[in-house]
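The values are calculated or read from the model by the stated rules, or taken from the named source; none is laboratory data. This one's a predicted model, so the numbers in the text were calculated from it and none came from an experiment. As a convention, Cβ positions derive from the backbone with ideal geometry for all residues, glycine included, and neighbour counts pool all protein chains shown. The accessibility values were calculated without ligands, DNA or RNA, using every heavy atom of the protein model including side chains. Shrake-Rupley method; radii C 1.70, N 1.55, O 1.52, S 1.80 Å.
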Amino acid sequence: MNRKKVLILGPISDFGGREVEVQLISKALIEEYDIDLISTLPFTYKSVALLSSANYSWNSLQGLLYKNSIILRISSLLTKFFNRRKEVPESFINNVLTYQLVDLDKKMKSYLEQAIASCDIVLFCGEFTSKWLIESFEICQKYHKPILVRTTGQIKKIPESLFENLHIQHHILVHSVGNFKRLKTMSNFNQSIIDQTSIVEPALLTIPTKLNNKTISYGYIGRFSKEKGIEDLLKFMDGSHRKLVIAGSGPLHKEVESHCKQNENFTNLGELSLEELHLFFNKIDVLIISSFEEAGPLVGIEAMAAGKLIVSTRVGAMPDRLKDVRNSFWFDIKKEQSFLDVLEKIEGMDRNTLHELKEENRKHYIKKYSFNVIASQYQEQIKNLIN
């Protein structure tokens with residue numbers, strides 16, 4: 001029996017939410033399909049997105065250029081050397097010399113076309129504004145290949161040129177009801193919702209759901225950036241004498257470190273690997289999602305698997321994820337008092353009730369968002385498009 005080939009495309013780097021999701025998708029499909037992952041960005045063997053399997057291969061468009069052109073190899077290595085940088089050599093392909101000698105986009109499009117021509121279906125993971133998405137639609141139309149697009153991030157804009165390819169066999173997957181509704185007002189794409197699941201599900205499901213100590217412990221994990229609301233969260237928590245465990249990294253790293261040094265109730269675990277994620281959730285009772293905007297976020301799903309309470313802004317998929325459970329702890333990131341009111345509400349509940357709510361979140365995860373549930377939804381979408 002000949003196995004069908006799924007080509008996974010997108011701006012895949014070494015670490016991030018998109019990379020985690022790409023690995024999950026690959027795991028969901030690898031038993032039935034050959035997977036060829038091609039990133040539109042340079043990345044390395046350390047990428048979270050990668051699997052180890054005989055039925056799995058990976059590369060980047062820049063890596064293919066680097067591999068197949070001695071001129072590009074030499075110019076990239078020289079650029080890397082003179083700039084004293086640590087990135088992989090193919091990251092330096094777009095240098096002054098090659099820019100004058102080679103039409104890089106034309107060559108990358110040629111490799112993209114070869115990859116699409118040799119697969120049975122394309123699965124693009126990225127935003128509607130991601131480079132190479134429009135070209136992927138055009139090439140799929142040329143070779144009569146179906147395309148499945150897994151959107152990442154909040155949908156805000158769709159390039160007009162995408163609408164020219166709506167007649168080809170396609171399907172759009174979004175994380176949330178909010179994105180689904182926004183997309184519906186912008187286009188007549190074929191679309192449906194598939195939420196996220198956890199890549200470290202087994203470890204998270206073993207974490208005890210009983211409260212850690214007499215004092216409730218709160219936690220934030222994610223990117224240290226303005227849109228995540230981390231600055232506001234730290235200010236809200238500063239004078240409260242509540243315990244806050246923080247993990248992550250990002251452009252506001254110095255500001256976060258400074259807050260943690262000034263507040264003895266704050267603990268900064270730094271950036272954690274996926275294998276270390278359970279260490280964070282073992283230390284907290286309540287996850288705080290303080291974002292101004294989200295598609296998911298994935299950490300909300302991970303908190304449910306870990307059996308944690310969730311205090312959140314009404315972003316991304318969170319309202320839909322929690323609508324069938326009693327975890328109703330919402331706040332407005334622009335209003336400090338709304339945040340403090342929610343914490344007081346939690347702290348005013350008896351421990352047995354809090355334990356029940358934590359158990360309820362985990363059971364809801366197992367029923368609706370476990371790996372087996374989400375994997376079967378991806379498998380169904382691929383089969384429908386191929387057949």
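If you fit an axis through the alpha-carbon atoms of helix 70-83 and take the longest principal axis of the Cα set of the chain, what angle between them do you get, 0 to 90°, nearest 10?
40 degrees
At 20 °C and a viscosity of 1.002 mPa s, what translational diffusion coefficient does Stokes-Einstein give for region 71-182, taking Rh as the Kirkwood radius over Cα pairs? Give it in µm²/s as a whole number.
For the chosen part, D equals 132 µm²/s.
Can you tell me what percent of all Cα-Cα pairs in region 122-254 are more than 26 Å apart?
Every Cα pair in region 122-254 considered, those over 26 Å come to 47 percent.
Give me the dipole magnitude in Debye, nearest 20, for region 245-387 about the Cα centre, with unit charges on the beta carbon: positive for Lys and Arg, negative for Asp and Glu.
Computed about the Cα centre, the dipole is about 420 debye.
Using the per-residue mean of other Cβ atoms lying within 10 Å as a proxy for protection, in what order, highest first, do the peptides 60-70, 134-144 fall?
Ranking the peptides 60-70, 134-144 by packing returns 60-70, 134-144.
Can you report the principal axis dimensions of the chain using only the alpha carbons, biggest first, rounded to whole angstrom?
65, 52, 39
What whole-number distance in Å separates the alpha-carbon centres of region 242-310 and region 44-95?
32 Å
Taking Lys109 as the anchor, which aspartates and glutamates have their alpha carbon closer than 15 Å to its alpha carbon, excluding any fewer than eight residues away along the same chain?
Glu135, Glu138
Counting only protein chains, not ligands or nucleic acids, how are Thr197, Thr215 ordered by accessible area (probe 1.4 Å), most first?
Sorted descending by solvent-accessible area, the residues read Thr215, Thr197.
With charges set only on the Cβ (+1 for Lys and Arg, -1 for Asp and Glu), what does the dipole of the chain come to about its Cα centre, in debye to the nearest 20? Don't skip to the answer; put the middle values down first.
Working: 50 positive and 46 negative charges, 45 e Å.
The dipole magnitude comes to about 220 debye.
Mind listing P(r) for region 29-109? All alpha-carbon pairs, 5 Å bins, whole percents.
All Cα pairs considered, the percentages come to 3, 15, 23, 21, 16, 11, 7, 4, 1, 0.
Let me know the Rg and Dmax you get for region 276-315 when you use only its Cα atoms, in Å.
Over region 276-315's Cα set, Rg and Dmax evaluate to 10.0, 28 Å.
Aspartates and glutamates within cross-link reach of Lys131: Cα-Cα under 15 Å, excluding same-chain residues under 8 positions apart?
Asp105, Glu113, Glu160
Relative contact order for region 278-381: what percent, with Cα pairs under 8 Å and sequence separation of 6 or more?
RCO, region 278-381: 26 percent.
Could you list, bin by bin from short to long, the percent of Cα-Cα pairs of region 99-153 in 10 Å steps?
23, 50, 22, 4
Run lengths n ≥ 4 of DSSP H only: what is the helix-derived mean residue ellipticity at 222 nm for the chain, with -39500 (n - 2.57) per run over all residues, to the nearest 500? List each step's numbers first, then the result.
Numbers: 16 runs with 164 residues, N = 387.
The helix-only estimate for the chain comes to -12500 deg cm²/dmol at 222 nm.
Quick check: the angle from helix 104-117's long axis to the longest principal axis of the chain, C-alpha only, nearest 10 degrees?
Tilt of helix 104-117: around 90 degrees.
Rounded, prolate or oblate: which fits region 198-344, taking a ≥ b ≥ c as square roots of the Cα gyration tensor eigenvalues, rounded meaning a/c under 1.5, else prolate when a/b beats b/c?
rounded
Could you sort Phe224, Phe180 by their accessible area in this structure, using a 1.4 Å probe and putting the largest first?
Working: Phe224 0, Phe180 60 Å².
Descending accessible area places them as Phe180, Phe224.
Where does each of 268-281, 315-328 land if you order them by average Cβ count within 10 Å, highest first?
315-328, 268-281
Give the cross-link partners of Lys27 among the lysines, using a straight C-alpha distance below 20 Å as the criterion and excluding same-chain residues fewer than 8 apart.
Within the straight-line cut-off, Lys27 pairs with Lys4, Lys5, Lys46, Lys367, Lys368, Lys383.
For helix 177-186, what angle does its Cα long axis make with the longest principal axis of the chain, in degrees from 0 to 90 and rounded to 10?
40 degrees
Work out the charge dipole of region 160-211 with +1 on the Cβ of Lys and Arg and -1 on the Cβ of Asp and Glu about the Cα centre, then indicate which of Ile172, Thr206, Ile193 is farthest towards its positive end.
Most positive-ward Cα: Thr206.
Hey, what's region 1-108 come to in accessible area per residue, 1.4 Å probe, Å²? Kindly include the intermediate steps, with their values, before the conclusion.
Values: 5940 Å² over 108 residues.
I get 55 Å² per residue for region 1-108.
Note down the relative contact order for the chain as a percent, whole number, built from C-alpha pairs under 8 angstrom at least six residues apart.
14 percent
Which ³J(HN,Hα) values, rounded to whole Hz and listed in residue order, are derived for region 265-271 from phi using the Karplus coefficients 6.51, -1.76 and 1.60 in 6.51 cos²θ - 1.76 cosθ + 1.60 with θ = phi - 60°, glycine and proline given as x?
Taking θ as phi minus 60°, the curve returns 8, 9, 10, 9, 7, x, 7 Hz for region 265-271.
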